[in-house]
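The values are calculated or read from the model by the stated rules, or taken from the named source; none is laboratory data. Just so you know, these numbers come straight off a predicted model, no measurement behind them. For neighbour counting, all protein chains shown are included, and Cβ atoms are generated from backbone atoms with ideal geometry for every residue, glycine included.
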Amino acid sequence: MTLVLFAAGARRWPLYRDHLTDALAEAGVTARLVSEAPEPEAVDYIVFAPGGDVVDFTPYRNAKAVLGLWAGVERIVGNATLTQPLCRMVDPAMTEGMVEWVTGHVLRHHLGLDRWIRGEPGWQQVAPPLARERTVAMLGLGELGAAAARALAGLNFRVLGWSRSEKRLADLETHHGEAGLERVLREAGIVVTLLPATPETENLLDARRLAWLPPGAVVLNPGRGTLIDDEALIAALDAGHLGHATLDVFRIEPLPDDHPFRHHPKVTVTPHIAAETRPASASRVIAENIRRGEAGEPFLHLVDRSRGY
């Protein structure tokens with residue numbers, strides 16, 4: 001019988017236990033699911049999330065894979081004890097959640113809804129531009145970025161996609177590299193950052209690149225807290241160059257109450273909810289990878305450790 005260790009934390013165990021049990025049965029995998037393994041060498045698969053019960057993977061020498069519950073792997077990929085294959089979470093429900101968060105906040109800023117929600121006085125009948133008159137830069141064209149970009153394009157926004165290395169998507173205009181980044185930022189009224197956290201993407205939006213954005217541009221960051229230079233962002237907002245920043249991810253989480261983002265009039269904070277992992281759908285992704293491992297098939301969403309994602 002396949003032994004699956006749930007090492008994603010005691011808080012998550014009751015949320016996932018029944019869903020994982022059902023998903024494994026539906027996938028045709030005869031498995032024993034445990035939250036503690038008295039004999040680490042007997043474990044076949046580890047379901048993992050940072051802050052869980054496993055830090056040293058050395059005792060689990062027979063494990064066939066470590067299956068993450070998070071899309072991001074920056075908190076585990078550098079673990080020297082982890083020699084087993086590592087798979088990140090790519091969950092359809094997570095993608096749906098991200099698309100809805102990005103679309104909602106893009107439309108909010110595009111339509112200028114904040115002024116009406118605040119109840120600004122007066123009667124100024126100034127219509128917002130149409131979506132086709134607004135350019136959105138999507139930085140990051142992985143699973144989440146591509147899905148969000150396509151949703152925005154479906155609403156008629158002009159979407160410019162960007163990735164560090166060249167990536168061609170049949171239905172989107174794409175750019176890459178430093179020259180491509182400058183081009184998309186200089187044209188963007190709204191920029192969305194959906195890149196992984198790697199040494200190459202840290203402070204991607206620094207003071208120099210934020211200055212490329214047109215006056216009044218809006219920044220949305222549901223990707224990783226390290227993608228934007230916090231001090232440079234606040235400076236650009238204070239100077240009036242940027243119109244607003246809506247942020248879902250931060251260098252320190254939970255975001256401290258005294259952090260400048262908490263009280264800045266041009267910053268909206270959401271508590272890392274843009275793409276939460278849903279136990280029911282994530283369990284099916286985990287079960288499918290275990291089925292694949294037992295059948296000798298390639299794992300889904302295998303992490304390239306040299307690239308960090």
- Single residue of the stretch 186-201 satisfying the filter (surrounded by fewer than 23 Cβ atoms within 10 Å (Cβ to Cβ) and more than 15 Å from the chain's Cα centre (by Cα)) that is farthest from Arg158 (Cα to Cα): Pro199
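Could you please find all residues in the stretch 293-309 being at pLDDT below 95 and either surrounded by 11 or more Cβ atoms within 10 Å (Cβ to Cβ) or at positive phi (or both)? Outline the logic, then answer.
Residues of the stretch 293-309 that are at pLDDT below 95, as a first pass: 304-309.
Of everything in the stretch 293-309, those that are at pLDDT below 95 and either surrounded by 11 or more Cβ atoms within 10 Å (Cβ to Cβ) or at positive phi (or both) turn out to be Arg305, Arg307, Gly308, Tyr309.
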- All but one of (1) touching a residue at least 60 places away in the same chain (Cβ under 8 Å); (2) touching a Phe, Trp or Tyr at 6+ places or on another chain (Cβ under 8 Å) hold for Leu144, so report the exception by its number. (2)
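Can you report the number of residues in the stretch 123-163 which are among the basic types (Lys, Arg) and either at pLDDT below 95 or not assigned by TED's automatic domain parsing to the domain that holds Met98 (or both)?
Residues that pass the stated criteria total 0.
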- Message: Which numbered condition in (1) more than 23 Å from the chain's Cα centre (by Cα); (2) surrounded by 16 or more Cβ atoms within 10 Å (Cβ to Cβ) is the only one that Ile46 fails?
- Response: (1)
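Quick one: which strands (runs of 3 or more DSSP E) lie wholly within the stretch 130-185 and hold at least 1 residues that are out of contact with any His (no Cβ under 9 Å at 6 or more places or on another chain) and surrounded by fewer than 17 Cβ atoms within 10 Å (Cβ to Cβ)? If you could, list the steps in order and put the result at the bottom.
On the way: elements: 135-139, 158-163, 173-176.
Strands (runs of 3 or more DSSP E) meeting the threshold: 173-176.
Please enumerate the residues belonging to the stretch 18-54 that are aliphatic (A, V, I, L, M) and not in a loop (DSSP other than H, G, I, E, B).
The initial filter retains those residues of the stretch 18-54 that are aliphatic (A, V, I, L, M), namely 20, 23-25, 27, 29, 31, 33-34, 37, 42-43, 46-47, 49, 54.
Passing the criteria: Leu20, Ala23, Leu24, Ala25, Ala31, Leu33, Val34, Ala42, Ile46, Val47.
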- Task: Please go through the stretch 55-73 and pick out each residue that is part of a loop (DSSP other than H, G, I, E, B) and either touching a helix residue (DSSP H, G or I) at 6+ places or on another chain (Cβ under 7 Å) or at pLDDT 95 or above (or both).
- Result: Asp56, Phe57, Thr58, Pro59, Tyr60, Arg61, Asn62, Ala63, Lys64, Leu69, Ala71
- Query: How about the stretch 75-107: which of its residues are more than 14 Å from the chain's Cα centre (by Cα), in contact (Cβ under 8 Å) with a residue 24 or more places away in the chain and in a helix (DSSP H, G or I)?
  - Reply: Thr103, His105, Val106, Leu107
